[in-house]
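Visitor: Mind having a look at this structure? Questions to follow.
Laboratory data are not the source of any read-out in this text; all were calculated from the coordinates shown. In this text, all values refer to a predicted model and were calculated from it rather than measured experimentally. Positions of Cβ are generated from backbone atoms using ideal geometry, with glycine treated the same way; all protein chains shown enter the neighbour counts.
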Amino acid sequence: MSNSKKMINFMGVRKVLGVMSICLVIASIILLATRGLNLGLDFTGGTNVVVESPADIDIAGARDTLEQAGFEDAVVQQYGSSRDLSIRVPPQDGIEADQVGQRVFQSLAGSIDGLQLKQVEFVGPQVGDELRDQSGLALLMALGLMLVYVWFRFTNKFGIATVAALLHDVIIVLGLFSLLRWPFDLTVLAAVLALIGYSLNDSIVVADRIRENFRNTRETDPHVIVNGAINETLTRTINTSFTTMLVLIALFFFGGEVMRAFSEALLVGIFVGTYSSIYVVANLLFTLGVSKEDFLIPEKEEIDEMP
Amino acid sequence: MTRYPRWKFFLLLAVLLGCGLYALPNIFPDVPAVQISANAAGEEVPASVRRQVAEALDQAGVEHGPGEAVNTSWLVRLDSTNDQLRARQLLSDRLGDDYVVALNLAPTTPQWLRAVGASPMNLGLDLRGGVHFLLQVDMETVIRQRMEAWSGQAKMALRDEGIRYRDVAIDGQKLVATFDDQVAADAARAPLRTALPEFTLNQAEESPRLTLTLNASTLEELQDYAVEQNRTALNNRVNELGVAEAVVQRQGADRIVVQLPGVQDAAQARRILGRTATLEFRLVADQYSAQRAATGIAPPGTEIFPFRDQNNRPVILEKSKIATGDQVTNAQMGFDQQSGSPQVNVELDSTGARSMQRVTSKNVGNPMAVLFIETKTEMKTVEGENGERRQVPESTTDRYVINVATIQDTLGSRFRITGLDSPAEASELALLLRAGSLAAPVTIVEERTIGPSLGRENIEAGLKSMVLGMALVLVFMLVWYKVFGIFANIALLGNLVIIVGVMSLIPGATLTLPGIAGIVLTVGMAVDANVLIYERIREELRNGRRPREAIDEGYNRAFTTILDANITTMIVAVILFSAGTGSVQGFAVTLFIGILSSMFTAIIGTRAMVEMTYGRGARAPSKLSI
């Protein structure tokens with residue numbers, strides 16, 4: 001590394017971080033397998049009611065009222081402020097499942113003055129199941145199509161590395177959602193899908209540069225080439241992640257309750273994605289034994305064979 | 001030195017101006033309004049009624065605009081939501097049953113903009129408030145009912161041919177006809193084949209039995225028809241509710257989406273949508289005594305029903321119907337002139353009227369009953385074969401007599417139904433009769449109600465995060481890339497104009513809260529293209545290239561990477577659109593449009609600005625502010 005200006009030696013700590021990444025992914029998979037995701041209303045079915053009162057609402061009192069009304073399994077939570085309450089009731093057996101929301105509101109309105117109904121969401125169990133299947137399918141489809149795209153776009157080793165980085169990001173984000181019991185609903189799914197696009201985008205930019213440098217330099221040590229490529233794209237990687245995070249932070253603080261989980265998923269995802277496009281891709285390239293030969297352009301071989 | 005092609009400037013200018021023009025209507029805020037439409041579909045609101053509206057509002061001292069015709073309805077703009085509520089009450093009292101008065105928002109788009117077809121974006125229910133229902137049509141009931149009719153047809157065909165049969169039973173989508181002997185079974189083949197072309201007759205079996213299987217195409221047609229008829233009936237009911245800009249659409253094979261913007265009383269909407277109520281007019285079999293009725297065993301050719309107003313006293317009715325609810329062409333709530341009790345004035349179509357006339361002319365002095373049939377569908381939990389619990393819709397039908405009256409005279413196409421509890425019940429019955437009955441019971445499988453205050457909060461939250469996020473990005477780009485940052489920022493603003501313009505141009509596109517998030521996200525990601533280009537230019541400058549070359553290199557070499565990177569997000573947006581529902585689709589739409597427009601503005605837009613600043617003049621720039 002004689003000619004470097006102020007190169008950061010990213011690859012120096014690659015083994016430590018590689019182990020960390022593997023641990024995080026395995027931990028996430030275990031979490032997802034054992035604890036699962038805290039699925040939102042869209043996927044479980046049931047009823048969610050949001051009410052607003054002119055004064056602070058006593059949550060314990062509201063719980064008691066609901067218990068007396070026969071909603072023992074209702075989950076009562078503050079919703080954004082102490083004057084807003086969200087009540088989630090699992091799918092009810094028997095009569096008038098779609099009218100649970102109204103009944104919940106009426107029983108609460110009896111004990112709290114000036115209570116207003118802000119939102120009722122009822123999702124039938126059948127629809128919930130369908131949405132869950134559909135969403136799982138969408139997630140797999142997105143990953144599958146990305147795989148196809150990358151396969152067309154890169155050689156095997158690069159393809160494997162970028163897709164692994166993608167899986168790494170998605171699994172860790174889902175794992176965090178599982179660990180912290182953050183609600184996972186359709187909007188979060190949208191965020192995860194957007195993350196798939198973003199994460200691959202990030203990795204592609206780095207991978208593109210690595211490839212370019214392999215082809216255009218006389219340097220033979222892959223470590224030096226990869227490190228150089230990462231350093232060259234570093235400002236871009238960080239700047240793009242930074243601007244995206246800026247808008248996500250704005251969404252997180254001002255987007256209201258609906259957008260909170262969405263921005264959480266993307267904030268975490270982009271953080272992990274930025275890291276993975278620097279480390280996971282390059283790390284795997286070394287593990288797979290990338291060398292200059294992988295980038296020789298085919299025409300050259302033909303010329304070599306000429307007499 | 002390559003000169004930047006001139007057509008790109010023009011393209012840029014044209015796109016920006018075009019989108020800007022179509023984005024413009026979104027700046028003008030909507031004002032509250034009431035929308036008056038005639039009850040009979042397709043009829044215009046006459047000038048006399050329009051005058052009446054203005055007079056009524058003037059008298060009550062409600063400030064109002066001059067009013068304008070929108071399609072067939074009449075829209076009157078008002079100053080505030082308070083005035084709006086007052087005006088609706090006032091006008092619906094004044095105009096009565098013939099007109100529907102609905103709350104609406106009127107766009108204030110100036111005439112010259114409307115002339116070019118520009119209108120504001122559609123806002124999703126999560127931004128404007130309202131109710132969203134997903135209704136499932138109960139296909140099993142549809143098929144069962146139709147199978148019963150077909151089984152009747154089969155029996156009739158056999159009777160007509162004088163073929164003795166034991167039974168024609170229904171087995172799912174099959175009819176099984178059993179006979180005493182093989183001879184009868186063989187003889188039945190031909191008449192059954194002609195009577196029921198919708199079925200496939202199965203080959204001979206050992207026992208004297210014939211199996212008819214419903215054709216797949218007929219089944220499909222039947223389901224299609226049932227959903228379509230339900231959609232029409234629901235559409236009529238929604239119109240009756242007087243909701244402006246309501247949506248009633250089929251979704252998938254057996255579902256219907258109903259969206260009612262601005263509706264706050266979800267309970268009422270649900271009651272009207274989910275109910276299947278119809279009427280039957282039948283003769284009372286009064287040759288039988290009350291004791292006979294009390295036994296609960298109906299004499300042949302009759303049926304026993306409870307009489308609701310008389311402690312559910314059993315009444316014996318003839319099985320044959322004189323007329324049914326689907327023959328009703330019009331029904332209006334009214335009041336009896338003597339007693340003042342509520343009634344429904346009914347008009348029948350020609351078939352119904354003929355039948356009514358024929359039967360009543362022969363039965364003057366005999367009693368006739370009005371049978372009310374209401375189907376409710378509820379979710380019941382059942383235990384599956386493997387012990388798993390699942391919920392299935394189960395329909396229950398209530399049939400009761402609401403009115404028994406002596407036929408005074410031959411009835412024709414117009415008559416009235418009395419014996420109703422309250423004016424509310426009368427008007428609801430009139431509504432259900434008018435709007436037509438549903439072909440099949442429906443269950444609400446999804447409901448989302450968003451209160452108007454939440455809608456407003458969501459808009460505010462969306463706008464606030466967009467403005468703030470954008471401001472942060474603008475500041476960052478300016479500080480980091482200086483003059484080139486200004487180019488990127490102008491491109492970003494142009495990008496926003498294009499997104500809003502395109503969203504307003506596409507008639508089906510709807511802006512939802514996740515949709516706003518999509519725009520915010522593209523704002524963050526849009527600068528990526530510029531970051532890529534600028535970093536490349538800086539690098540080329542560091543490598544000792546001259547500014548002109550560095551610019552060319554930067555744009556050229558970053559292009560493939562930008563394209564590459566954005567394609568992945570576009571693929572994701574397409575998947576999201578196809579897999580998601582409502583609000584998530586809104587996210588997919590803005591994301592897709594945003595990425596396309598950001599590539600356009602970030603590559604062509606900033607390049608044009610760079611060329612204008614550094615490309616003009618004879619001398620190449622010696623230094624770039626980047």
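Visitor: Mind checking which aspartates and glutamates have their Cα closer than 12 Å to the Cα of B:LYS321? Skip sequence neighbours fewer than 8 apart in that chain.
Guide: Straight-distance partners of B:LYS321: B:GLU280, B:GLU303.
Visitor: Convex hull over the alpha-carbon atoms of the stretch B:31-106: what's its volume per residue in Å³?
Guide: 73
Visitor: Given the pairs B:LYS8/B:LYS464; B:LYS8/B:LYS482; A:LYS157/B:LYS482, which span a C-alpha to C-alpha distance of over 28 angstrom in this model?
Guide: Result: B:LYS8/B:LYS464; A:LYS157/B:LYS482 exceed 28 Å.
Visitor: In the stretch A:49-85, which GluC sites (Glu not before Pro) fall in coil by DSSP and have 14 or fewer other Cβ atoms within 10 Å?
Guide: Here the sparse-neighbourhood loop sites are A:GLU72.
Visitor: Per residue of B:532-538, how many C-beta atoms from partner chains lie within 10 Å of its own C-beta, taken as a mean?
Guide: Per residue, the average neighbour count from other chains is 3.
Visitor: Here's a follow-up. Just how large is the dipole of chain B about the Cα centre, in debye to the nearest 20, putting +1 at every Lys and Arg Cβ and -1 at every Asp and Glu Cβ?
Guide: 2300
Visitor: A further question follows. Taking 7 Å along the Cα-to-C-beta vector as the label spot, tell me the A:ALA69-B:GLN182 distance in nanometres, rounded to one decimal.
Guide: 6.9
Visitor: If you take the Cα atoms of the stretch B:191-232, find Rg, then find the Kirkwood Rh from the mean of 1/r over all pairs, what is Rg/Rh?
Guide: 1.17
Visitor: Give me the tail of P(r) for chain A as a percent: Cα-Cα pairs with distance above 28 Å.
Guide: That tail contains 52 percent of the Cα-Cα pairs.
Visitor: Moving on. Rg/Rh for the stretch B:141-213 to two decimals, with Rh computed the Kirkwood way over all alpha-carbon pairs.
Guide: 0.93
Visitor: Quick one: give the max-minus-min coordinate of the C-alpha atoms of chain B along each principal axis, largest first, in Å.
Guide: Each principal axis gives a Cα extent; for chain B these are 111, 77, 43 Å.
Visitor: With unit charges on the beta carbons (Lys and Arg positive, Asp and Glu negative) and the dipole taken about the Cα centre of the stretch B:130-274, which residue among B:HIS132, B:GLY262, B:GLY162 sits farthest to the positive side?
Guide: Toward the positive end, the furthest listed residue is B:GLY262.
Visitor: In whole Hz and in residue order, list the ³J(HN,Hα) couplings for the stretch B:474-488 that follow from phi through the Karplus curve 6.51 cos²θ - 1.76 cosθ + 1.60, θ = phi - 60°; x for Gly and Pro.
Guide: Karplus values, whole Hz, x for Gly and Pro: 4, 4, 4, 5, 5, 5, 7, 10, 6, 4, 5, x, 4, 4, 4.
Visitor: Take peptides B:574-581, B:401-408 and line them up by average Cβ neighbours within 10 Å, highest first, as a rough protection proxy.
Guide: Answer by packing, highest mean first, reads B:574-581, B:401-408.
Visitor: Suppose we keep just the DSSP beta bridges with both residues in chain A; what percent of those would be antiparallel, to 5?
Guide: For chain A, the DSSP antiparallel bridge percentage is about 90.
Visitor: Given A:GLY269, A:GLY124, A:ILE204, which one lies farthest toward the positive end of the charge dipole of the protein assembly as shown, if we put +1 on the Cβ of every Lys and Arg and -1 on the Cβ of every Asp and Glu?
Guide: A:ILE204
Visitor: A further question follows. Ranked by Cβ crowding within 10 angstrom, fewest neighbours first, how are B:PHE587, B:PHE28, B:PHE600, B:PHE487 ordered?
Guide: By the 10 Å Cβ count, ascending, the order reads B:PHE28, B:PHE600, B:PHE487, B:PHE587.
Visitor: While we're here: Who wins for biggest fluctuation among A:VAL206, A:VAL49, A:VAL163 in a Gaussian network model of chain A, springs between alpha carbons below 10 Å?
Guide: Between A:VAL206, A:VAL49, A:VAL163, it is A:VAL49 that shows the largest mean-square fluctuation.
Visitor: If you don't mind, there's one more thing I want to ask. Report Rg(Cα)/(2.2 N^0.38 Å) for the protein assembly as shown, keeping two decimals.
Guide: Its radius of gyration relative to the 2.2 N^0.38 Å reference: 1.18.
Visitor: Suppose every K and R has +1 on its Cβ and every D and E has -1 on its Cβ; what is the size of the dipole of the stretch B:111-190 about the Cα centre, in Debye to the nearest 20?
Guide: Approximately 440 debye in magnitude.
Visitor: Please state, as a whole number in µm²/s, the translational diffusion coefficient that the Stokes-Einstein equation yields for the stretch B:130-274 at 20 °C and 1.002 mPa s, with Rh defined as the Kirkwood radius across alpha carbon pairs.
Guide: 122
Visitor: Another question, if that's okay. Shielding of A:191-203 by partners, i.e. mean partner chain Cβ atoms within 10 Å per residue?
Guide: 6
Visitor: So if I restrict to the alpha-carbon atoms in the stretch A:46-123, what is the Rg, and what is Dmax, the biggest pairwise distance, in Å?
Guide: Just the Cα atoms of the stretch A:46-123 yield Rg and Dmax of 11.3, 35 Å.
Visitor: Using a Gaussian network model on chain A with a 10 Å cutoff between Cα atoms, which of A:SER291, A:SER178, A:SER199 fluctuates the most?
Guide: Fluctuation is largest for A:SER291.
Visitor: Given DSSP loops and a limit of at most 14 other Cβ atoms within 10 Å, what is the longest stretch of chain B that contains no such trypsin sites (Lys or Arg not before Pro)?
Guide: It works out to B:167-615.
Visitor: Averaged over A:231-238, how many beta carbons belonging to a partner chain fall within 10 Å of each residue's beta carbon?
Guide: For peptide A:231-238, the averaged partner shielding equals 4.
Visitor: Of A:VAL104, A:VAL75, A:SER86, whose Cα points farthest to the positive end of the dipole of the stretch A:46-123 (charges on the beta-carbon: +1 Lys, Arg; -1 Asp, Glu; origin at the Cα centre)?
Guide: Ranked along the dipole, the leading option is A:SER86.
Visitor: Longer than 26 Å from Cα to Cα, which of A:LYS15/A:LYS292; A:LYS292/B:LYS623; B:LYS155/B:LYS362 are they? Say none if no pair is.
Guide: From the list (A:LYS15/A:LYS292; A:LYS292/B:LYS623; B:LYS155/B:LYS362), the Cα-Cα distance tops 26 Å for A:LYS292/B:LYS623; B:LYS155/B:LYS362.
Visitor: Which residues' amide hydrogens lie under 5 Å from the amide hydrogen of A:LEU39, considering only partners 5 or more residues apart or on another chain, with H built in the peptide plane?
Guide: A:PHE184
Visitor: Could I ask something else about it? Computed on alpha carbon atoms, what radius of gyration and Dmax characterise the stretch B:76-173, expressed in Å?
Guide: Rg and Dmax of the stretch B:76-173, Cα atoms, are 27.6, 77 Å.
Visitor: Just need the relative contact order of chain B here, percent rounded to a whole number, with Cα pairs under 8 Å and 6+ apart.
Guide: Relative contact order for chain B comes out at 15 percent.
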